[in-house]
Amino acid sequence: MRSSEWLLVAYFFYVSVLSFIFPVRAGTHGLLLGINLAIIGSYVVLVLAESKWPIKAVSITRDWYALALMLPAYQEMGWFAPAQHTFELERTWVVWDRLLLREWGLRRFIELLGPLLPALLEISYSLVYTLAPFSVAMLYVYHRRKRVDRLLFLFMLGVLLAYTQFPFWPSEPPRTVFPGEDFPSYETVFRRFNWWLLGGYGIHTSVFPSAHVSGAFSLAFGMMRVLPERRWVGRFLLVMAVLIATVTVYGRYHYAADAVAGFAISLAALGITALTERISGARA
């Protein structure tokens, strides 16, 4: 199995064990265990299939199947949502947001040119879900598909390290806990789209740490490592990561504490990846 696949298997095993420690949504415990067992089993089937029929189509399927599994990885965390939130953490975190947005003038700075920068920030937030497929596609375009596993390992490590912590930090986003407070002055169509998307498909377990931020920065760091000969790709992703981290706070999707923690996780994922690659290289 590839390193990114082992990471996913470990994550779904972790979620299964966690379901015996934290309460999950009524009637879903057996379903969660069944889904995770099926996912782990599907990887066994894919590995056996490629060993028996070493054709390119099976190998490519494994590239994209790993990305597809990030959706159930996220949705399963939603089954750990508490019946109600106390908002103790949120009341602490919002104090830092008020300092950043009001006293330090972040919101005024973003809105200096009217709706231009707010719209750009909201677009970047909408595109966060496309960055991983884009990154894998770039490796295909530049004939570096063999490096996909290295990229996916760092990216998934950054995202899954955030997901694994959600049940331990039960919280809701500032846009719902403090409605109307420090909201952007401009209501763009892109903001309305993001609200619709999060309202229909978001989970209510936790917003800490921000997986949007950790995933975006992990992708940027990953592309800088695996595709150094095409620097524009990594640089573009790094700019996108900065925009996404900014809008998570400005748009009231996350608290500043979430964004900082997400960035810290991406640095941890980068360090772990570098260490594991060094160890595996030394063994080779």
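The values are calculated or read from the model by the stated rules, or taken from the named source; none is laboratory data. Only a predicted model underlies this, so the values are computations on that prediction, with no experimental measurement involved. Backbone-built Cβ (ideal geometry, glycine too); neighbour counts: all protein chains shown.
For the subset of segment 199-215 comprising residues that are more than 13 Å from the chain's Cα centre (by Cα) and part of a helix (DSSP H, G or I), which member is nearest to PRO174 (Cα to Cα)?
It comes out as GLY199.
Might you let me know whether segment 28-37 holds any residue that is small (Gly, Ala, Ser) and more than 30 Å from GLU181 (Cβ to Cβ)?
Checked against the condition, which is being small (Gly, Ala, Ser) and more than 30 Å from GLU181 (Cβ to Cβ), segment 28-37 yields at least one hit.
Which of the residues spanning segment 95-130 are within 30 Å of SER19 (Cα to Cα) and surrounded by 17 or more Cβ atoms within 10 Å (Cβ to Cβ)?
VAL128
What's the number of the condition PRO167 fails, among (1) crowded, with 22+ Cβ neighbours inside 10 Å; (2) farther than 21 Å from ARG192 by Cβ; (3) touching a helix residue (DSSP H, G or I) at 6+ places or on another chain (Cβ under 7 Å); (4) not charged (D, E, K, R)?
(1)
Mind checking which residues of segment 239-259 are β-branched (Val, Ile, Thr) and either at pLDDT below 95 or farther than 18 Å from LEU219 by Cβ (or both)?
Answer for segment 239-259, where residues must be β-branched (Val, Ile, Thr) and either at pLDDT below 95 or farther than 18 Å from LEU219 by Cβ (or both): just VAL249.
Identify, from the list TYR74, TYR43, the residue that is touching a helix residue (DSSP H, G or I) at 6+ places or on another chain (Cβ under 8 Å) and at pLDDT 90 or above.
Being touching a helix residue (DSSP H, G or I) at 6+ places or on another chain (Cβ under 8 Å) and at pLDDT 90 or above holds for just one of TYR74, TYR43, which is TYR74.
Looking only at helices (runs of 4 or more DSSP H) that fall completely inside segment 79-195, which ones have 3 or more residues that are in contact with a Phe, Trp or Tyr (Cβ under 7 Å, 6 or more places away or on another chain)?
Helices (runs of 4 or more DSSP H) meeting the threshold: 88-98, 106-110, 116-126, 148-163, 174-177.
Considering every residue within segment 224-238, establish whether at least one is in contact (Cβ under 8 Å) with a residue 24 or more places away in the chain, more than 24 Å from TYR142 (Cβ to Cβ) and not acidic (Asp, Glu).
No; the residues of segment 224-238 include none that is in contact (Cβ under 8 Å) with a residue 24 or more places away in the chain, more than 24 Å from TYR142 (Cβ to Cβ) and not acidic (Asp, Glu).
Any residue in segment 15-33 that is within 21 Å of the chain's Cα centre (by Cα) and among the β-branched types (Val, Ile, Thr)?
yes
Looking only at segment 50-63, which residues are part of a helix (DSSP H, G or I), of a type outside the set (S, T, N, Q) and loosely packed, with under 13 Cβ neighbours inside 10 Å?
Passing the criteria: LYS52, LYS56, ALA57.
Looking at segment 216-245, which of the residues that are basic (Lys, Arg) and assigned to a helix (DSSP H, G or I) is surrounded by the most Cβ atoms within 10 Å (Cβ to Cβ)?
Looking at residues that are basic (Lys, Arg) and assigned to a helix (DSSP H, G or I), I get ARG225.
Which numbered condition trips up ALA269, out of (1) under 27 Å from GLU103 (Cβ atoms); (2) in a helix (DSSP H, G or I); (3) of a type in the set (A, V, I, L, M)?
(1)
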